[in-house]
1. Using 5 Å bins from zero, what percent of all Cα-Cα pairs in the stretch 1-55 falls into each bin?
2. Determine the sum of side-chain charges near Ile35: Lys and Arg each +1, Asp and Glu each -1, restricted to other residues whose C-beta is under 12 angstrom from that of Ile35.
Amino acid sequence: MPPRGVTSPKQKRQYEHIKDSELKEGRSPRRATQIAAATINKQRAAAGQTKTTGRKASGGGRKKASAAGRKKAAGGGRKTAARTSSRTAASRKTTSSRKTSARRSSTKKK
């Protein structure tokens, strides 16, 4: 039985077809019913046929950014090392040299 709001014969056929396909895939009858109902409800919402419509079917695609949004995005991009790290180059160098010397000494002991 299709979801409550489905009145068109086409959507009823689609519901039955989806349910049969899910059963062939090995889903349980209850799960196949859930998947078919969810799929039909999603299509109905996209077409604007439900009370609480998520989105309209038309007007899709990428939206153009406003002038303010473009200015904001222009300063973005990858963060450089200078912006992300508060440590200086000298402190990074000493840390890495300490790690290297620690590795060398641990291999010599063996």
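Just so it is clear, none of the values below were taken in a lab; they were calculated from the coordinates. Being a predicted model, the structure only gives us computed values, none of them experimental. Methodologically, a virtual Cβ is constructed for each residue, glycine included, from the backbone with ideal geometry; neighbour enumeration extends over all protein chains shown.
1. 4, 23, 30, 21, 14, 7, 1
2. Cβ neighbours under 12 Å give a net charge of +2.
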